[in-house]
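Data first, discussion second: the structure below is written as structure tokens.
The values are calculated or read from the model by the stated rules, or taken from the named source; none is laboratory data. Just so it is clear, the structure is predicted and the values come from calculations on it, not from any experiment. A quick note on method: Cβ atoms are made from the backbone with ideal geometry, for glycine too, and the neighbour counts reach across all protein chains shown.
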Amino acid sequence: HAPPGGPVGLAATAEGAGYVLPDASVLLGPPATPPGLPRFLNATAARAPVEHLVKQLCGTRGRFAVELVELLSGKKVPAGCLPAPRPAASKKEAAEQLLGQLDALLVFLKSHGALLNAVKPEMLLEFEDFDRVLNARAGRAATPEEVDAVDAWGDVEAGFERVSTQAWNSVLLQVFKVFVLGRVSLKGYRTLPGADAPGLPPQPADAELVGSNVYSVPEAVLLAWLTAHFHKEFPDQACATRVTNFDADLRSGAVLFSVLVGHWPAFASKKVLVRASDDAEAALVNNDVVVHLMAELGLPYEVTAEELCVPIAHEMLLLVLYLYQTLPQFVPKTTIAFEGRLGDTVTKDLELSNPSKRPISYNVRLEGHRDFSTETTVVRIEPKGTARLRLKCTSTTSKAVTSRAVLQSKRDGGGAPAATLVFLLQSKVNTRAPLKRVKVEGPLYDMQQFEFQVANPFPADGEFTISLLHEPAEPLPPPPPPDKRRGGSRRDAQPAAPPAPKPRIWPNAFGLDKTRLRIKAGSGDKLRGFFLPFTMGTHYCTLVLRDKEQGEFVYELVGEPALPAPMLEAKGVVALEAAPHTYDLIVPWANAPLEHARTTFLDKHPLAKDKAQAALLKSDATRPASVEYQLSQSNSLVTCAKTVTLSAHGNTPAAATAPPPSAAGDRSAPGSPDVTARRGSLGPASGGPTRPPGCNVVPLSLKPMGTGVYPTRVLLTSDVDTRVVDLELTAQTMTQEFSLEFVCATRQAIQQDIPLVNTSGSAMNVVASLDGRFFSGPREVSVPAGSTASYALAFKPMAAGEHRGALELRIPATGERNVYRLLGSASPPLAEGHMLLECQARQPKSLTLTVPNVLGGGGGGGGIEYSVLSDLDVVSGPQKLKVAGSAGKYKLTAAPTKSGTYIGTVTFKEPGGGVAWFVVEVRASEPEPVAVIHVASRVREAVAISLPVKNPLPEPVAMAVRYSDGDALLGPATVVLPAGDAPCEAEFFFAPLHAGDATGSITLVSDELGEYVFELRLSASPAQPGTLPELSAELGGRKGVAPLRIDNPLRRPVTLTASTSNPRAFRVVGPAFNGGRSGGGPVAEVPAGGSAELSVEFSPTSIGGLEAATVMVDGGDAGTWVFEATGRGVLPAPAETVPVF
């Protein structure tokens, strides 16, 4: 009976209490050990399997009982309960000691509330020890009372096995009641882990848990605990149901299922397997689910679904008590958060400690999402030590996922039992941490298109929607604090208020070509981005790619705009003569790069489809009437104001005009014409161009270090736009002097081009004044607008030496002038030409030269007269040449007396020093022969040749002799002809070395008489062969030898080769070449003019017959020698007698 708000109890009836007392036979204890006790011990405390509990208690002589009490109570038993330190002397004494230990143990248990008055220590002994104790007592009994006391144990002795079992069961049950069930308390229930879990009903008041006439407070707490979880999981079924017992109410399995799910939420998906019916089939199904869930949790409590379908109250009480003690351990002790980016692996080390004196081993497993992992399956912690368990989380989804790390004590026999440890692992993916940053750079107002790869970080295909957030993906770091060293008092320092955000007037810079993207797992796709910045500074854009199933991830686009392209490139001139050196820079009101960016954005940028973004470009905020700009520039020699205001109507008065010119000669006055129109190599006036009405002017000052070009970049920045102007200032004097030097040969022209640059919009005229002989150039040059021309200054000297002059280039419109001092150096003139004249010796030949007028004109009416000079003695011509026009003709005749090449000059010199000259080369061939002479001779026989000559000069003349064939024609190298015209003969010789006809010549040459050639028709017949004496030799004996001498008539060595027509019998042997022999090879080397001694050897091939051969010795250029050789073979002489002993 369970009244609302009251304890569970038995209702009183008219007949009495309604509770039947148990039979006296079981008051000592149940005759059989409840199965739940060993199951409980096996699941929690026992280091070794417990099967026959009573036998193990008896058989260990109290040791196991002591260990069990200490283990379940957590207390040390008194020393009297422990075995004696000194072994007993006999079994009788050992029995008495064991009896004392068991008695002390019962006293200890009774002191803690165990109801064991009916249990005596003798009942806990083994029968042999019990018998020894009774025998000892009977032997000591001296009085009738003592004898009766011993006889009283007769009934126990008769049924000792049953009584001992009941006694031990009573002890066990009382131990469980006091030390296990007794730990369940109201306070512990209130603070039970998981008692405040969401969904649990409020805990019952104390009045519902105390005052029961059936259940103790711990049992009532267990029923309340079951009821709470049952109400949570099955609110519809349990709205009016309260668990009031440990048998019938637990039969369906729903209550036990509720308790398991309440402590392990992952089992909630199994709820569909639990049937709501109370029939036996449904109960079996439900309890089977319960048994499987307990196994999944790793609970080692052994129970079957069939046993749960037929519940026994005390057995179910032990099961519920086990679940009450164990399941709260599965409530996570803490939550371990893994914070990181998607796809990153985050590692955490869990430190575990062991305060006990025995090692602890844990089996480690993870229950939950697959993103969590560990490489460790077993953790062992040494006594008083620590160990680390490394856990990893690799996020594959941006959604928060969880897992539980379960560490259950491993029973390895030597380790201490430990509670199960559960830790909740939870991923916290920082979705705003970008997986990738894409950086883009480009000039301001210039749209950049770029592509980047987007990879799917999730393990499954994704359909992603793309959102653009024009902000950083993560908060930017705060700016650094101001430097306190720059001054100021700490007391006066106040924290700076954050600046108020400025209203956005320009559209966002980034855009994409797609809003949705489908990417397969492990793959990627490309996105095209657009970046068109309208403001300076870093631009951020966060791409959020979201899949409704797997979550989201982020990419970040970072744009860094550079300065825009210059809106204006200007050039100006500052005069060095006047100070201050200022220049007024005219800046157009319209910002051309910005206007081009407006058009580009509306035509091509993806954000142009956004009406709000497009409207920003058309708002009045982007087209103000005037803007204040911050000014800066890049050249340290140029200064400007810090700010300037530009207006659509100009920042100068509408009627601005140039002031009147300053003092005379000051060409730097701003009243000069347009500076850009007059800028050239001569330079415009200083002060900048004339200001047109209503223009915007930026004043600049220059501190020139001297003449030169000073480039600078002027930067105008504001909240509206940014402008860049590239300016090139040229500092120069209005009158500049230069020196030009020309170097060339006389009558050669050289030209120097002086550049004239006009960057204005109108033509520029330059007037030239030129003074100086031989210098020339145009009087005026016009340079078209925006172009460059050259002033061509030429120098063509007509006389050698130095020539001076001056040139002034002046711009009439500005008064600027450049003066050039001219110095021309003319070297002697170059030859007018290289003239070639080919002729035959002793035959005159003429050549006509075209001689220029070196004065360039007519020479003052009468022309010019040259004196003609030449260093060639083989040419002749008139000594004077008169040239009336620009050139004249001169006839030059060459008549060389001997052949050869003659090179010299012919010079034409006028009285004023002007010279024209030619290089003349005469190539003379041999003259015609004086006579043709026929000469014949035999080879190696000399024939004399007599040549008739005479000397017409009055003194003797030595004439050199040249021979066309130095080997066959012989004679003196020089012939001296006597004075006088009397004829004489010169004798020479023809001694041919080779047979045949040839043409030769003998030439007589002298400087006095010239060259004379005598042609020779030469004919050489073969020489008669020489005859060698007849040779005789014994057949097979010594050879016959004939000497042979060969002379070398040449002035160079020759190599001799020999051959014979009968090589079997005759051969030629020479001294050279390792004893060379005839056969066509070399036989001797003959020096110039020397001779060689050869020998002809005869080896007969027969006896008595005459053998002949023709021997030929070839000397190359020295000719060939032919000899006829004969020989006879004779009988060999008798051999010597050799005595033989």
> Could you list, in sequence order, the residues of the stretch 355-402 that are in a loop (DSSP other than H, G, I, E, B), among the basic types (Lys, Arg) and farther than 30 Å from residue 544 by Cα?
Replying inline: 357, 358, 384
> So which residues in the stretch 104-122 are without any contact (Cβ under 8 Å) to a residue 60 or more places away in the chain, surrounded by 13 or more Cβ atoms within 10 Å (Cβ to Cβ) and assigned to a helix (DSSP H, G or I)?
Replying inline: 104, 105, 107, 108, 110, 121, 122
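When the residues of the stretch 1059-1073 are filtered to those that are under 7 Å from residue 1084 (Cα atoms) and in a loop (DSSP other than H, G, I, E, B), which remaining residue is modelled with the lowest pLDDT?
1071
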> residue 897 passes all but one of (1) of a type in the set (Ser, Thr, Tyr); (2) outside any strand (DSSP E or B); (3) over 22 Å from residue 1016 (Cα atoms); which number fails?
Replying inline: (3)
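Of 361, 356, which residue is hydroxyl-bearing (Ser, Thr, Tyr), outside the structural domain of residue 220 (by TED's automatic domain parsing) and either surrounded by fewer than 17 Cβ atoms within 10 Å (Cβ to Cβ) or closer than 23 Å to residue 184 by Cα (or both)? First the steps, then the outcome.
Numbers: 361 fails: either surrounded by fewer than 17 Cβ atoms within 10 Å (Cβ to Cβ) or closer than 23 Å to residue 184 by Cα (or both).
Checking each option against the conditions leaves just 356.
For residue 1049, are the conditions met, namely being at pLDDT below 90, within 24 Å of residue 1023 (Cβ to Cβ) and surrounded by 13 or more Cβ atoms within 10 Å (Cβ to Cβ)?
Numbers: at pLDDT below 90: yes; within 24 Å of residue 1023 (Cβ to Cβ): yes; surrounded by 13 or more Cβ atoms within 10 Å (Cβ to Cβ): yes.
Taking the combined requirement at face value, the residue satisfies it.
Specify which of the listed residues (892, 970) is surrounded by 15 or more Cβ atoms within 10 Å (Cβ to Cβ), free of Cβ contacts under 8 Å to residues at least 40 places away in the same chain and aliphatic (A, V, I, L, M). I'd like the intermediate steps shown before the answer.
Numbers: 892 fails: free of Cβ contacts under 8 Å to residues at least 40 places away in the same chain.
Being surrounded by 15 or more Cβ atoms within 10 Å (Cβ to Cβ), free of Cβ contacts under 8 Å to residues at least 40 places away in the same chain and aliphatic (A, V, I, L, M) holds for just one of 892, 970, which is 970.
Report whether or not residue 979 is assigned to a strand (DSSP E or B), at pLDDT below 90 and either touching a Phe, Trp or Tyr at 6+ places or on another chain (Cβ under 7 Å) or farther than 23 Å from residue 900 by Cα (or both). Full working, then the answer.
Numbers: assigned to a strand (DSSP E or B): no; at pLDDT below 90: yes; either touching a Phe, Trp or Tyr at 6+ places or on another chain (Cβ under 7 Å) or farther than 23 Å from residue 900 by Cα (or both): yes.
Answer is no for this residue.
Select, from 49, 83, the only residue that is surrounded by 15 or more Cβ atoms within 10 Å (Cβ to Cβ) and not in a helix (DSSP H, G or I).
Values: 49 fails: surrounded by 15 or more Cβ atoms within 10 Å (Cβ to Cβ).
83 is the lone residue from the list that is surrounded by 15 or more Cβ atoms within 10 Å (Cβ to Cβ) and not in a helix (DSSP H, G or I).
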>> So residue 919 passes all but one of these: (1) farther than 13 Å from residue 849 by Cβ; (2) assigned to a strand (DSSP E or B). Which condition number does it fail?
In response: (1)
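Would you call residue 915 in contact with a His (Cβ under 8 Å, 6 or more places away or on another chain), in contact (Cβ under 8 Å) with a residue 40 or more places away in the chain and hydrophobic (A, V, I, L, M, F, W, C)?
Values: in contact with a His (Cβ under 8 Å, 6 or more places away or on another chain): no; in contact (Cβ under 8 Å) with a residue 40 or more places away in the chain: yes; hydrophobic (A, V, I, L, M, F, W, C): yes.
Taking the combined requirement at face value, the residue does not satisfy it.
Within the stretch 260-269, how many residues turn out to be free of Cβ contacts under 8 Å to residues at least 60 places away in the same chain and either polar (S, T, N, Q) or farther than 18 Å from residue 250 by Cβ (or both)? Show your work before the answer.
First pass over the stretch 260-269, keeping only residues free of Cβ contacts under 8 Å to residues at least 60 places away in the same chain: 261, 265, 267-269.
Applying the additional criterion that residues be either polar (S, T, N, Q) or farther than 18 Å from residue 250 by Cβ (or both) yields 265, 268-269.
Qualifying residue count for the region: 3.
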> What number of residues in the stretch 927-958 are more than 26 Å from residue 978 (Cβ to Cβ) and surrounded by 15 or more Cβ atoms within 10 Å (Cβ to Cβ)?
Replying inline: 4
> Which members of the stretch 903-926 meet the condition of being at pLDDT below 90 and closer than 20 Å to residue 840 by Cα?
Replying inline: 926
> Restricted to the stretch 1080-1121, and to residues that are surrounded by fewer than 14 Cβ atoms within 10 Å (Cβ to Cβ), touching a strand residue (DSSP E or B) at 6+ places or on another chain (Cβ under 7 Å) and among the hydrophobic types (A, V, I, L, M, F, W, C), which residue is farthest from residue 1030 (Cα to Cα)?
Replying inline: 1103
> Being hydrophobic (A, V, I, L, M, F, W, C), within 30 Å of residue 567 (Cβ to Cβ) and either modelled with pLDDT under 90 or surrounded by fewer than 20 Cβ atoms within 10 Å (Cβ to Cβ) (or both), is that true of even one residue in the stretch 771-788?
Replying inline: yes
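So, of the residues in the stretch 243-261 that are among the β-branched types (Val, Ile, Thr) and assigned to a helix (DSSP H, G or I), which turns out to be farthest from residue 318 (Cα to Cα)? Reasoning before the result, please.
To start, the set of residues in the stretch 243-261 that are among the β-branched types (Val, Ile, Thr) comprises 243-244, 255, 259, 261.
Filter once more, keeping what is assigned to a helix (DSSP H, G or I): 255, 259, 261.
On the way: 255: 15, 259: 15, 261: 19 Å.
The extreme case among them is 261.
If we keep just the residues of the stretch 1115-1141 that are in contact with a Phe, Trp or Tyr (Cβ under 8 Å, 6 or more places away or on another chain) and at pLDDT 90 or above, which is nearest to residue 1045 (Cα to Cα)? Spell out how you get there, then give the answer.
Narrowing the stretch 1115-1141 to residues in contact with a Phe, Trp or Tyr (Cβ under 8 Å, 6 or more places away or on another chain): 1115, 1125, 1127.
Cutting the leftovers down to at pLDDT 90 or above gives us 1125, 1127.
Values: 1125: 14, 1127: 19 Å.
For the stretch 1115-1141, the residue satisfying everything is 1125.
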> When only residues in the stretch 843-866 that are part of a loop (DSSP other than H, G, I, E, B) and of a type in the set (A, V, I, L, M) count, which is modelled with the highest pLDDT?
Replying inline: 854
>> Give me the residue from the stretch 127-156 that is surrounded by 14 or more Cβ atoms within 10 Å (Cβ to Cβ) and acidic (Asp, Glu) and, out of that set, farthest from the chain's Cα centre (by Cα).
In response: 131
>> Quick check on the stretch 409-423. Is at least one of its residues outside the structural domain of residue 722 (by TED's automatic domain parsing), modelled with pLDDT of 90 or more, in a strand (DSSP E or B) and more than 30 Å from residue 604 (Cα to Cα)?
In response: yes
> Among the residues of the stretch 795-824, which ones are under 27 Å from residue 910 (Cα atoms) and loosely packed, with under 15 Cβ neighbours inside 10 Å?
Replying inline: 801, 802, 804
